[in-house]
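Each remark here refers to the structure printed beneath this line.
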Amino acid sequence: MGNKFDLLNPKQQEAVFHTEGPLLVLAGAGSGKTRVLTHRIAYLIEEKGVNPWNIMAITFTNKAAAEMRERVDQIVGFGSESIWVSTFHSSCVRILRRHIDRLGYDTSFTIYDTDDQRTLMKQIFKRLQVDTKQFKERSVLGRISSLKNEMIRPDEALTNAGGDFGEKKIAELYGEYQKALKNNNALDFDDLLVKTVELFEADQEVLAYYQNRFRYIMVDEYQDTNMVQFKLVDLLAGKYRNICVVGDDDQSIYKFRGADIENILSFEKAFPGAQVIKLEQNYRSTQNILNAANEVIRNNRGRKDKTLWTANGEGERVRLAQFDTAYEEADYIACDIKAESAKENSPFSDFAVLYRTNAQSRLLEEKMILHSIPYRLVGGVNFYQRKEIKDILSYLKTIANGQDDLAVQRIVNVPKRGIGATSMGRVTAFASAGGMSFYDALLRVKAVPSIGKAADKIGVFTEQIEDFKARLGELSLKELIEEILENTGYRKEIEAEGEVEAETRLQNIQELINKAVAYWDNEENPTLDGFLEEVALVADVDSMDESENRVVLMTLHSAKGLEFPHVYLSGMEDGLFPSSMSIMSDDGDAVEEERRLCYVGITRARERLTLTAARQRMTNGETRFSRLSRFVEEIPPLLLDRQNKPSSFEKRGTGAGGSGLHFAEDEFDDSGLPWGDEFEPGFGSRPSGRQNGRFGDGQGSLSSSGSSWSGNSSWGGGWGGSSVSSGDWDRSTEGFTVPKRPAGFSAFGQKPNAYASKTSSPAPSFGKQFTVQKAGSLDYKAGDRVCHIKFGEGTVKNIVDGGKDYEVTVDFDRAGIKKMFASFAKLKKL
């Protein structure tokens, strides 16, 4: 045997040298599975004398197939071109091009992409006069795809539907869709797999040919296979049974795409006599990172036991930082990346920020821009470039002035109102001839020549816009966006697109609402124009560095298969990760799939892993209080290095009358504190939607957005003068409610008349008190560079003594000149 095999570790060698019979290689994250696959191919050819023609290696993506092909060429050399290295779909295309005529198709069949599928389904809808309010092409096609992945034919789907009208209709449309495909001599992507299985089952001669050709079959990422792919592999390996599958059940995260984890968990049952080899030595991460991953994933029941280890050394502990708000969390991540990059002279491309949902990228993108950190969004579109966000912003721009022709033209038929391109062309010509804006032309639509019935449809649109304009003074931004969603039918159109896509797009819109609420609450005189100006500021990414030296922002699903020296897992809160949907699901595997996703995220880190969370996060325009993610709680404290500042409670001192409200400094707080210390000056904090202007009414009510006492107040008392533990909080699935208050105590934790006690501190004021800062106490002066949590970096231009506080003027790099009080600006000197 050559030196190439000596370089493998003992378990890798065992997997490479096992060539006969079924083999399951459980390859933990970073354990070198691609090396095993390529060396196994080399061993078969060089040591076992197997003809390259008889070897098949299947993976999932074209990129993975290309990489495997390149490595095989390097290791094997001459003859490697005969090895069949391909994806499932490409393999099936090659087979069908030769034999699909046996199923009644021509071998020159066309492959329909997503757009082709939708066009075909639209034709079927029109021909059958399908109610498009009840059924949408996208959702019907999604359901058909699921049925195909389960090997369910149209006739079987119709039988299974029983008396369910919706399922019966989908089954009928499925049948018509398949007929239309065959009439067009076309296949969709699902058909490539399904028809190959049908071919093998219907024609034993064809099956026998490929069984004899592919005597040694290897499948990568086996945990991601669905029922059709399992059936395909089972048929091909049926004669010689030399099937080797490589995968990791702990990284099975694509159930929503049809992946069935049972394929890997039940491999030994499907292929009796199978040998199982575990690759547990990790070559990517440090031991502390792996220990955290091991501790989290072992809480899953539906898995094959394995424990990752490494010779890379212990490394740093996993850093954990929890903040009062998501704004602070995002700001910390951006500042930390900038500081660590400078300190270690590391390129920005060494850093990756991972999150559970696409909507979370908005705050992170804004902070990267404000701190002048180049970034790239992987597996997604810049938040403000997403279709649904551009649509809503176009509505807001049209309501603001109506002179932005591009904005008006974008939404005049969104959602669909039956206004065609011909009608739009006539309105545009009318506007040009009259020297007016496109919107002004719409207002005069009755005068547009040959406009016909479209005039009434356009009239409905302009009436809605004018109604929104007339009510600007009475609606908050949150209410305005919500009315746009409801009154125009935009929400209904999204909801009809299919469950997964609709959920993602609505989450993005809710994140825009969160942005609007934050702006509304934080500005002295909030306006629609002001909001659009702020959005334009943070959405301006045209000047971003296009080089590859950029921080990577991506969802956890997009991160699979990648690795980075520094990884941040953000939003580590119950209700977000794991998601509320998984927590509430009747599917026992739902939370376990989320835990596998967490495991994938943790194992992306090579040198340093940072977990971050927020005690309160804006959701659906309202503040939600969350406990730390159960996945974080599953990591032993000795593996964690807590980074963050104390919580709002921890900051509040102890008064003369008792210990006050606090947590021990060595106790990490996961109790979802229902107030923070980042509030506007004035008479209390403003709740979401500007519904009122104060914290409480003295009757025991607590606002979800602020505190009635000063952030540096030294009032005492607490609840009976004792410290608060996590048991004093009402836990719920979504997060936390307000603290449980013992009978006989006021909303401020005091017994009646406690404020009159000589031993108690003065009663807290209603409204946040000013903290007077003298010039000597400021750690910056005119000319210094400072950083603001919202506006980013800038230069101090002037400091004026205003009596109670100092008024600071700062020229921010992106936000321009702003004046603010020192005690509330919380500027940090750079």
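The values are calculated or read from the model by the stated rules, or taken from the named source; none is laboratory data. These numbers were taken from a predicted model, which means no experiment stands behind them. With ideal geometry, Cβ positions are generated from the backbone for all residues, glycine too; neighbour counts draw on all protein chains shown.
Specify which of the listed residues (D73, D164, D113, D106) is acidic (D, E), surrounded by 12 or more Cβ atoms within 10 Å (Cβ to Cβ) and either at pLDDT below 85 or out of contact with any strand residue (DSSP E or B) (no Cβ under 8 Å at 6 or more places or on another chain) (or both).
That would be D73, the only listed residue that is acidic (D, E), surrounded by 12 or more Cβ atoms within 10 Å (Cβ to Cβ) and either at pLDDT below 85 or out of contact with any strand residue (DSSP E or B) (no Cβ under 8 Å at 6 or more places or on another chain) (or both).
Looking only at the stretch 133-141, decide whether some residue is among the polar types (S, T, N, Q), in the same structural domain as A171 (by TED's automatic domain parsing) and touching a residue at least 60 places away in the same chain (Cβ under 8 Å).
yes
Search the stretch 11-38 for residues being surrounded by 24 or more Cβ atoms within 10 Å (Cβ to Cβ) and over 35 Å from the mean Cα position of the chain (by Cα), and hand back the single one that is nearest to I253 (Cα to Cα).
Of everything passing the filter in the stretch 11-38, A15 is nearest to I253 (Cα to Cα).
Give me the residue from the stretch 386-418 that is closer than 16 Å to I513 by Cβ and basic (K, R) and, out of that set, farthest from the chain's Cα centre (by Cα).
This residue is K390.
Restrict the check to the stretch 327-349 and report whether at least one residue is β-branched (V, I, T), in contact (Cβ under 8 Å) with a residue 24 or more places away in the chain and more than 22 Å from V600 (Cα to Cα).
no
Tally time: how many residues in the stretch 150-187 are under 15 Å from D116 (Cα atoms) and aliphatic (A, V, I, L, M)?
4
Condition (residue is crowded, with 24+ Cβ neighbours inside 10 Å, of a type in the set (G, A, S), modelled with pLDDT of 50 or more and not in a strand (DSSP E or B)) applied to the stretch 603-616: is it met by at least one residue?
No, the stretch 603-616 contains no residue that is crowded, with 24+ Cβ neighbours inside 10 Å, of a type in the set (G, A, S), modelled with pLDDT of 50 or more and not in a strand (DSSP E or B).
Going by the conditions given, is L363 at pLDDT 90 or above, outside the structural domain of E483 (by TED's automatic domain parsing) and in contact with a Gly (Cβ under 7 Å, 6 or more places away or on another chain)?
No.
Looking only at residues in the stretch 218-267 that are of a type in the set (F, W, Y) and under 28 Å from E501 (Cβ atoms), which one is modelled with the lowest pLDDT?
Result: F256.
Would you be able to tell me the number of residues in the stretch 31-67 that are among the small types (G, A, S) and in contact with a Ser or Thr (Cβ under 6 Å, 6 or more places away or on another chain)?
Looking only at the stretch 31-67, we keep the residues that are among the small types (G, A, S), and these are 31-32, 42, 49, 57, 64-66.
Adding the requirement that they be in contact with a Ser or Thr (Cβ under 6 Å, 6 or more places away or on another chain) leaves 65.
Final tally of qualifying residues: 1.
All but one of (1) under 26 Å from the mean Cα position of the chain (by Cα); (2) at pLDDT below 90; (3) assigned to a helix (DSSP H, G or I) hold for G530; state the number of the condition that does not hold.
Only one criterion in (1) under 26 Å from the mean Cα position of the chain (by Cα); (2) at pLDDT below 90; (3) assigned to a helix (DSSP H, G or I) is unmet by G530, namely (1).
For the stretch 189-202, state whether one or more residues are surrounded by fewer than 18 Cβ atoms within 10 Å (Cβ to Cβ), over 41 Å from the mean Cα position of the chain (by Cα) and farther than 25 Å from L37 by Cα.
yes
Provide a single number: the residues in the stretch 37-68 that are more than 13 Å from E221 (Cβ to Cβ) and in contact (Cβ under 8 Å) with a residue 12 or more places away in the chain.
Total meeting the criteria: 19.
Look at L377 and say whether it is of a type in the set (A, V, I, L, M) and not assigned by TED's automatic domain parsing to the domain that holds E548.
no
Kindly evaluate L235 against the criterion of being hydrophobic (A, V, I, L, M, F, W, C) and surrounded by fewer than 18 Cβ atoms within 10 Å (Cβ to Cβ).
Here the answer is yes, as L235 does meet what is asked.
Given K390, K397, K416, which one is surrounded by 21 or more Cβ atoms within 10 Å (Cβ to Cβ) and assigned by TED's automatic domain parsing to the domain that holds G489?
Unique residue meeting the criteria: K397.
Do you know which residues across the stretch 129-161 are exposed (fewer than 13 other Cβ atoms within 10 Å of the Cβ) and at negative phi? Step through it out loud before you land on a result.
From the stretch 129-161, those exposed (fewer than 13 other Cβ atoms within 10 Å of the Cβ) are 129, 131, 133-134, 155, 159; that's our starting set.
Residues satisfying the conditions are D131, K133, Q134, D155, T159.
Which one of I277, I289, I243 is touching a helix residue (DSSP H, G or I) at 6+ places or on another chain (Cβ under 7 Å), more than 19 Å from F631 (Cα to Cα), among the aliphatic types (A, V, I, L, M) and buried (at least 22 other Cβ atoms within 10 Å of the Cβ)?
The match here is I243.
Check G571 against each of (1) in a loop (DSSP other than H, G, I, E, B); (2) surrounded by fewer than 24 Cβ atoms within 10 Å (Cβ to Cβ) and name the one condition it does not meet.
Status for G571: all satisfied but (2).
How many residues does the stretch 322-351 hold that are touching a helix residue (DSSP H, G or I) at 6+ places or on another chain (Cβ under 6 Å) and under 30 Å from E280 (Cβ atoms)?
The number of residues fulfilling the criteria is 1.
Of all residues in the stretch 167-177 being out of contact with any Pro (no Cβ under 7 Å at 6 or more places or on another chain) and of a type in the set (A, V, I, L, M, F, W, C), which is surrounded by the most Cβ atoms within 10 Å (Cβ to Cβ)?
The qualifying residue surrounded by the most Cβ atoms within 10 Å (Cβ to Cβ) is I170.
If you take the residues in the stretch 420-444 that are β-branched (V, I, T) and at pLDDT below 90, which one is surrounded by the fewest Cβ atoms within 10 Å (Cβ to Cβ)? Spell out how you get there, then give the answer.
Initially, the stretch 420-444 is screened for residues β-branched (V, I, T), giving 422, 427-428.
Next cut, at pLDDT below 90 only: 422, 428.
Values: T422: 11, T428: 15.
The residue in question is T422.
Do you know which residues across the stretch 229-287 are polar (S, T, N, Q), in contact (Cβ under 8 Å) with a residue 40 or more places away in the chain and assigned to a helix (DSSP H, G or I)?
Residues satisfying the conditions are Q229, Q251, N263.
Please state which one of L44, L7 is within 19 Å of R71 (Cβ to Cβ) and surrounded by fewer than 21 Cβ atoms within 10 Å (Cβ to Cβ).
L7
Show me the helices (runs of 4 or more DSSP H) entirely contained within the stretch 1-117 in which 2 or more residues are touching a helix residue (DSSP H, G or I) at 6+ places or on another chain (Cβ under 9 Å) and of a type in the set (A, V, I, L, M).
Hits in the stretch 1-117: 10-17, 33-46, 62-76, 88-99.
Report, by residue number, each residue of the stretch 288-324 that is under 18 Å from Q12 (Cβ atoms), among the β-branched types (V, I, T) and not in a loop (DSSP other than H, G, I, E, B).
T310, the sole residue that qualifies.
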